[in-house]
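Q: Structure in structure tokens, see below.
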Amino acid sequence: MNKTGKTARTETTAREDVTPVVTFIPGAAPVRRKRRTRSWLWIPVVLAVVGAGYYGWTRYATNPTTAAMVTQVVARGDIENSVTAIGTLDAIKSVDAGAQVSGQLKALHVDIGDKVEQNQLVAEIDPATIENRIEIDQAELANLQAQLVSKKAQLVLKQANIDRQRNLVAANSIAQSTLDQAVADLAAAEADVNAIEAQIRKQQATLAGDKVDLGYTKIFAPMAGTIVANPAKEGQTLNANQTTPTIVTVADLSTMTVKAQVSEADVGKLKVGMDAYFTLLGQPGKRFAGKLRQIQPMPDTENNVVLYYALFDVPNPDGELMMSMSAQVFFLQSSAKDVLIVPSAALHVTGGKAGGQGAGKRADNAGGRPGAAGGSAEVTVVTSSGALETRTVEVGIRNRVNAEIRSGLNEGDTVVVATGSDTPASAPRGSQRGMRMPPMF
């Protein structure tokens, strides 16, 4: 055979041995080497994909039951069950200081925000008109008093005349009719004196009233407090004949009253004397505590919603609380501190009560923390090996976010809150940001 045929046999043998790297066909060797060189470039990519797949398989496939679960670690904390409401701050006491007489506001001695003492002068009304009235009253009184002197003198004369007439009648020197006329003149003189005395008393009363009005031209603070409003301005003419114009409003801001609107569905849960607190928009983490003082019996109706007003007072020594502030109000039905807590979404009711609102009521006091027996529920626990275990627990206080666990779990256990697409919107992930109650003090 020729050399070309031998080479062909050699190529056939090479293909049967699957050794494409051993070939001597002219022009083919460079092409084989180029393909082998490019194939080495894919080795790192393949290794990366295989490594990622292995990591995912070891990380998730070994425990598929927890891959789509939301879990929470059982920890100790504070919990409370409360009735919530929206409230507004107001001064515990406020008084309007108004004008009792008409006239021009001559001077205003205070501004909004000033602190005043009781009976401190805050404003003055022009007294000129009233002073003129007083002068007229005094002159009229003097005139009446002079008339009274004249009438009394005539009365004395009439009395003396009647005595003479009696003596003459007794001596038969004059007729009886003369004596009768003298008696009538005496009675008329006495009546004139009485009339003048009555006019004098009336004029004295008028003078006293005008003097009182003169005193009303000076407006004094009716109580100690802070000036919170002054609707009247200097130079303004005040008309007190129909209504009493308000000049300033004085409020006691040392103690503030919270006026909370409570729905008719929740008002039955409130009791006078129960603990209450509120938070402000600017200070959501700080509590201002007090005790429920009053539930007003007359409600307001807004858009067919019946709302009752519940009032409680809080001290305001630093003046940080201001009138008309909006408050998020909480009326405590029950509370507990340093207890085991899990998310409420982790509980599954098994029958009877599950420690719902009001169950396991507790109160923090010096003598302990008594509470009624709670209900039972089931929780799913992730064991240390990754397996799932169902446990029955005793539930104490429960609210919309968390629940107190009295028995059945230990601190550090991991419970399942939700699985897969059933994850509730309220289920916490890691921490419960945005759903925490203000810290308990």
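The values are calculated or read from the model by the stated rules, or taken from the named source; none is laboratory data. Predicted, not measured: the structure shown is a model, and the values here were computed from it. Here the Cβ positions follow ideal geometry from the backbone for every residue, glycine too, while neighbour counts run over all protein chains shown. For the accessible areas, the whole protein counts, side chains as well, though only heavy atoms, and no ligand, DNA or RNA atoms are used. Shrake-Rupley method; radii C 1.70, N 1.55, O 1.52, S 1.80 Å.
Q: What tally of residues in segment 337-373 results from selecting those that are within 19 Å of residue 417 (Cβ to Cβ), out of contact with any Pro (no Cβ under 9 Å at 6 or more places or on another chain) and modelled with pLDDT of 90 or more?
A: Taking segment 337-373 first, the residues within 19 Å of residue 417 (Cβ to Cβ) are 339-350, 354-356.
Remaining after also requiring out of contact with any Pro (no Cβ under 9 Å at 6 or more places or on another chain): 339-342, 344, 346-350, 354-356.
Pick out the ones that are also modelled with pLDDT of 90 or more and you get 339-342, 344, 346-347.
Total meeting the criteria: 7.
Q: Cβ contacts < 8 Å: first residue more than 30 Å from residue 335 (Cα to Cα), restricted to segment 62-78; second residue basic (Lys, Arg) and at pLDDT below 50, any location; separation 6+ or different chain. Result?
A: Final answer for the pair search is none.
Q: Any residue that is part of a helix (DSSP H, G or I), in contact with an Asp or Glu (Cβ under 9 Å, 6 or more places away or on another chain), of a type in the set (Lys, Arg) and open to solvent by 20 Å² or more (accessible area, probe 1.4 Å) - is there at least one of those in segment 192-209?
A: no
Q: Can you tell me which residue in segment 285-301 is nearest to residue 334 (Cα to Cα), limited to those that are open to solvent by 80 Å² or more (accessible area, probe 1.4 Å) and assigned to a loop (DSSP other than H, G, I, E, B)?
A: Initially, segment 285-301 is screened for residues open to solvent by 80 Å² or more (accessible area, probe 1.4 Å), giving 291, 293, 297-298, 301.
Checking which are assigned to a loop (DSSP other than H, G, I, E, B) leaves us with 297-298.
Numbers: 297: 24, 298: 27 Å.
The extreme case among them is 297.
Q: Going through 122, 149, 83 one at a time, which residue ends up being open to solvent by less than 40 Å² (accessible area, probe 1.4 Å) and out of contact with any Lys or Arg (no Cβ under 8 Å at 6 or more places or on another chain)?
A: Only one candidate passes the filter, namely 122.
Q: Within segment 118-157, take every residue that is touching a helix residue (DSSP H, G or I) at 6+ places or on another chain (Cβ under 7 Å) and among the acidic types (Asp, Glu) and give me the one that is nearest to residue 217 (Cα to Cα).
A: First, the residues of segment 118-157 that are touching a helix residue (DSSP H, G or I) at 6+ places or on another chain (Cβ under 7 Å): 127, 130-131, 133-134, 137-138, 140-141, 144-145, 147-148, 151-152, 154-155.
Keeping just the survivors that are among the acidic types (Asp, Glu) gives 131, 137, 140.
Values: 131: 11, 137: 18, 140: 23 Å.
Top of the filtered list is 131.
Q: Let me ask you something else. Say whether the condition of being within 30 Å of residue 218 (Cβ to Cβ), open to solvent by less than 60 Å² (accessible area, probe 1.4 Å) and part of a helix (DSSP H, G or I) is met by at least one residue in segment 165-180.
A: Within segment 165-180, none of the residues are within 30 Å of residue 218 (Cβ to Cβ), open to solvent by less than 60 Å² (accessible area, probe 1.4 Å) and part of a helix (DSSP H, G or I).
Q: Let me ask something else. In segment 96-152, which residues are part of a helix (DSSP H, G or I) and of a type in the set (D, E, K, R)? Write out each step before concluding.
A: If we filter segment 96-152 for residues that are part of a helix (DSSP H, G or I), which is where we start, we get 128-152.
Result: 131, 133, 135, 137, 140, 151, 152.
Q: Right, here's the next one. So how many residues does segment 84-131 have that are β-branched (Val, Ile, Thr) and free of Cβ contacts under 8 Å to residues at least 40 places away in the same chain? Please lay out each step first, then the result.
A: Here is the first cut: in segment 84-131, the residues β-branched (Val, Ile, Thr) are 84, 86, 88, 92, 95, 101, 110, 112, 116, 122, 125, 129-130.
Among the residues that remain, those that are also free of Cβ contacts under 8 Å to residues at least 40 places away in the same chain are: 129.
So the count comes out to 1.
Q: What is the residue count in segment 252-284 for residues that are touching a Lys or Arg at 6+ places or on another chain (Cβ under 7 Å) and not in a loop (DSSP other than H, G, I, E, B)?
A: Summing the residues that are touching a Lys or Arg at 6+ places or on another chain (Cβ under 7 Å) and not in a loop (DSSP other than H, G, I, E, B) in segment 252-284 gives 5.
Q: On to the next question. Across segment 210-242, what is the total count of residues that are touching an Asp or Glu at 6+ places or on another chain (Cβ under 6 Å) and of a type in the set (Gly, Ala, Ser)?
A: 2
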